[in-house]
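Peer 1: One structure, pasted below without further comment.
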Amino acid sequence: MRFSSNVKLYVLLLVVGIFLLLGYVYFSFFSERLNRDIPVDEYQKNNRLLYKQPSVLVGRTDVVTVTPWLASIIWEGTFDPVLVDNIYKPMNLTIATTVFAVGKYVSFLRDFLETAEKHFMVGFNVRYYVFTDRPHDVPSVNLTQGRHLSVIQVPGSNRWQEISARRMEIIQTTIESQISREADYIFCLDVDSKFHARWGAESLGRLVAVIHPGYYEQTRGSFPYERRPASMAYIPMDEGDYYYGGAMIGGFVEDVYTLTKVCRHRFEVDAGNSIEAAWQEESHLNRYLLYNKPSKVLSPEYLWQDFKAKTKEVKVIRFSGVIKNYAEVRPNV
Ligand SMILES: CC(=O)N[C@H]1[C@@H](OP(=O)(O)OP(=O)(O)OC[C@H]2O[C@@H](n3ccc(=O)[nH]c3=O)[C@H](O)[C@@H]2O)O[C@H](CO)[C@H](O)[C@@H]1O
Ligand SMILES: [Mn+2]
């Protein structure tokens, strides 16, 4: 009895030993495989990206850098351009840029394009779409590699309000006919403006809007939103986030497409009811963005006005509207 119970014990110990041995062999083999499967990123090892350590405690405190729906508000000092470029440049993105130069506004094109070449999305593929009724007056500007310009003829008008507002419709139809196939992101910009400093990939997002420089210190009740309930652009006095400028709409081509389609539709419904919103497409844009929050908001650094003195929170003016003689450049006053 005693003998056989000893045998049992030995057999048990042997079995346990074999299992332990097998386990050891299996796990050491497996962990070796695990180690072998971890890719050693040779590229990263040889091209170290050195940049200032991000801080959790120190940053801009004089301005708000995030909206209550957690979209970033882009100010100088909130991003590292080296880091941003390093993330976006390898994606080989194409950025569409639409600009309207109808009637005498064609004279703003040269400065717009020349300064864009210096500051706007440098190092990216950029496709400018210039909409004009005067294709022969489009200046020839030297474009750097990867940048392309096409001229698209559009009708003139004797009302500036119509020219400005019809941008929505024309951008919508041009996205349908070509831009959707030719670009990843799109920025739609006012032509009566110049770039003065970097406007780069920090501005990329699903739906991007810019805070109008004239109203960022005011309360929502004094924003020039459309206030007539009969208009499709109506915003009640106790609603509204920011006042966004109509001089810039940006984002994924698909998201900007939906925005232009909706705003165009609402503008036409208004027109059918003989209503023109207070600030045309800008009013419709503000209404759209109130209920379809932008995923990224650009600070007024990205839309300044030359006649406005720089304020202390604006460290860099990146894009600014030039001073113009309205009576001279517009077809009507
Ligand atoms: C800084 C800003 O947010 N500006 C907006 C503001 O006034 P603005 O005074 O900036 O409007 P604007 O005269 O620049 O017109 C807007 C744009 O329409 C085009 N254009 C206009 C007239 C013309 O004869 N030919 C022509 O090509 C051109 O691209 C111009 O940049 O309100 C407008 C709507 O009422 C637009 O929403 C503008 O984007
Ligand atoms: Mn303008």
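The values are calculated or read from the model by the stated rules, or taken from the named source; none is laboratory data. Keep in mind it's a predicted model, so treat the numbers as computed, not measured. Reconstructed Cβ throughout: ideal geometry from the backbone, glycine too, with neighbour counts over all protein chains shown. Note: areas computed on protein heavy atoms with side chains; ligands, DNA, RNA excluded. Shrake-Rupley method; radii C 1.70, N 1.55, O 1.52, S 1.80 Å.
Peer 1: Which residues, taken from region 171-205, are aliphatic (A, V, I, L, M) and either within 16 Å of ligand 1 (Cβ to nearest atom) or closer than 20 Å to PHE108 by Cα (or both)?
Peer 2: Of everything in region 171-205, those that are aliphatic (A, V, I, L, M) and either within 16 Å of ligand 1 (Cβ to nearest atom) or closer than 20 Å to PHE108 by Cα (or both) turn out to be ILE171, ILE186, LEU189, VAL191, ALA197.
Peer 1: Also: Does VAL256 satisfy the condition of being closer than 22 Å to TRP69 by Cβ and either within 16 Å of ligand 1 (Cβ to nearest atom) or more than 20 Å from the chain's Cα centre (by Cα) (or both)? Give the steps one after another, and end with the answer.
Peer 2: Working: closer than 22 Å to TRP69 by Cβ: yes; either within 16 Å of ligand 1 (Cβ to nearest atom) or more than 20 Å from the chain's Cα centre (by Cα) (or both): yes.
In short, yes.
Peer 1: Looking for whichever is away from ligand 1 (no atom under 13 Å from the Cβ) and modelled with pLDDT of 95 or more here; the options are SER222, SER283. Which one fits?
Peer 2: SER222
Peer 1: Just a yes or no: is a residue in region 145-162 of a type in the set (Val, Ile, Thr), in contact (Cβ under 8 Å) with a residue 60 or more places away in the chain and within 13 Å of ligand 1 (Cβ to nearest atom)?
Peer 2: Looking through region 145-162, none of the residues is of a type in the set (Val, Ile, Thr), in contact (Cβ under 8 Å) with a residue 60 or more places away in the chain and within 13 Å of ligand 1 (Cβ to nearest atom).
Peer 1: Can you go through TYR215, TYR234 and tell me which one is in contact with a strand residue (DSSP E or B) (Cβ under 8 Å, 6 or more places away or on another chain), open to solvent by 50 Å² or more (accessible area, probe 1.4 Å) and hydroxyl-bearing (Ser, Thr, Tyr)?
Peer 2: TYR234
Peer 1: Next question, about the same structure. All but one of (1) in contact with a Gly (Cβ under 6 Å, 6 or more places away or on another chain); (2) within 16 Å of ligand 1 (Cβ to nearest atom) hold for PRO139; which doesn't?
Peer 2: (1)
Peer 1: I'm trying to understand the selection: among the residues of region 97-142, which are within 21 Å of ILE179 (Cα to Cα), open to solvent by 20 Å² or more (accessible area, probe 1.4 Å) and in a helix (DSSP H, G or I)?
Peer 2: Matches in region 97-142: GLU117, PRO135.
Peer 1: In region 190-200, is there at least one residue being open to solvent by less than 10 Å² (accessible area, probe 1.4 Å), touching a Pro at 6+ places or on another chain (Cβ under 9 Å) and in the same structural domain as ASP133 (by TED's automatic domain parsing)?
Peer 2: yes
Peer 1: Report yes if THR78 is among the polar types (S, T, N, Q) and surrounded by fewer than 17 Cβ atoms within 10 Å (Cβ to Cβ), otherwise no.
Peer 2: yes
Peer 1: Condition (residue is farther than 20 Å from ILE73 by Cβ and either in contact with a Pro (Cβ under 7 Å, 6 or more places away or on another chain) or more than 16 Å from ligand 2 (Cβ to nearest atom) (or both)) applied to region 201-212: is it met by at least one residue?
Peer 2: no
Peer 1: Looking at region 283-333 only, could you name the residues that are within 14 Å of ligand 2 (Cβ to nearest atom), surrounded by fewer than 23 Cβ atoms within 10 Å (Cβ to Cβ) and among the small types (Gly, Ala, Ser)?
Peer 2: GLY321
Peer 1: Further, regarding this structure: Provide a single number: the residues in region 269-282 that are of a type outside the set (S, T, N, Q), open to solvent by 10 Å² or more (accessible area, probe 1.4 Å) and touching a residue at least 24 places away in the same chain (Cβ under 8 Å).
Peer 2: Our first condition is that a residue be of a type outside the set (S, T, N, Q); within region 269-282, this holds for 269-272, 275-279, 281-282.
So of that shortlist, the ones also open to solvent by 10 Å² or more (accessible area, probe 1.4 Å) come out as 269, 271-272, 275-276, 278-279, 281-282.
Of the ones still in play, those that are also touching a residue at least 24 places away in the same chain (Cβ under 8 Å) are 269, 275-276, 278-279, 281-282.
Total meeting the criteria: 7.
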